[in-house]
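A.B. asks: This is the structure I want to talk about, given as structure tokens.
What follows is calculated from the coordinates using simple rules that are stated; it is not laboratory data. Note that the structure is predicted; figures quoted are calculated from it, not measured. Note that we place each Cβ from the backbone using ideal geometry, even for glycine, and neighbour counts take in every protein chain shown.
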């Protein structure tokens, strides 16, 4: 096979519909646009979501709920994960950088420590937020929870 004998696959190309070329072409007169109305005229554009005059789907469907523009989204990390992290690293001090390096969170995440699981070591944890149960478990184990201010 050479460049001079390459051709598209059978049926993959079509000739364009040549409209408005006289009555003999079979597509003269109205040029397949039908008779009269906005769609038969030059320059016709319908608005986004227009469905030919029927009620558009964005108006047919009910609306509900509320998107809070000031919502702060935290990445949850449980105390059990921090306990396991301290055991693997062999350290009692866990910071946001430690969690990022371990792959628990990404650098841009705000981290909230939650109280799921058990914690036995006295860990010094710094994060953006703590739940009440996480605080209680950390302090009960003799650790310290520090909220990072940005």
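A.B. asks: For segment 1-23, give me the residue count where each residue is within 23 Å of residue 42 (Cβ to Cβ) and either in contact with a strand residue (DSSP E or B) (Cβ under 9 Å, 6 or more places away or on another chain) or exposed (fewer than 10 other Cβ atoms within 10 Å of the Cβ) (or both).
C.D. replies: Adding up the residues that qualify gives 5.
A.B. asks: List, please: which pairs have Cβ atoms under 8 Å, are six or more places apart or on different chains, and start with a residue in segment 1-24 that is free of Cβ contacts under 8 Å to residues at least 12 places away in the same chain and end with one that is part of a loop (DSSP other than H, G, I, E, B) and surrounded by 10 or more Cβ atoms within 10 Å (Cβ to Cβ)?
C.D. replies: Short answer, once both residue conditions are applied: 18/27; 20/27; 20/28; 20/31; 21/27; 21/28; 22/28; 23/29.
A.B. asks: I've got another one for you. Those residues that are part of a loop (DSSP other than H, G, I, E, B) and either surrounded by 14 or more Cβ atoms within 10 Å (Cβ to Cβ) or touching a helix residue (DSSP H, G or I) at 6+ places or on another chain (Cβ under 8 Å) (or both), I need them from segment 71-94; list them, please.
C.D. replies: Matches in segment 71-94: 91, 92.
A.B. asks: Filter segment 101-134 down to the residues that are closer than 19 Å to residue 72 by Cβ and free of Cβ contacts under 8 Å to residues at least 12 places away in the same chain, then identify the one that is surrounded by the most Cβ atoms within 10 Å (Cβ to Cβ).
C.D. replies: Within segment 101-134, the match that is surrounded by the most Cβ atoms within 10 Å (Cβ to Cβ) is 107.
A.B. asks: Next up: For segment 24-40, enumerate the residues that are closer than 26 Å to residue 52 by Cα and either in contact with a strand residue (DSSP E or B) (Cβ under 7 Å, 6 or more places away or on another chain) or loosely packed, with under 10 Cβ neighbours inside 10 Å (or both).
C.D. replies: If the condition is that a residue be closer than 26 Å to residue 52 by Cα and either in contact with a strand residue (DSSP E or B) (Cβ under 7 Å, 6 or more places away or on another chain) or loosely packed, with under 10 Cβ neighbours inside 10 Å (or both), then 34, 35, 36, 37, 38 are the ones that fit.
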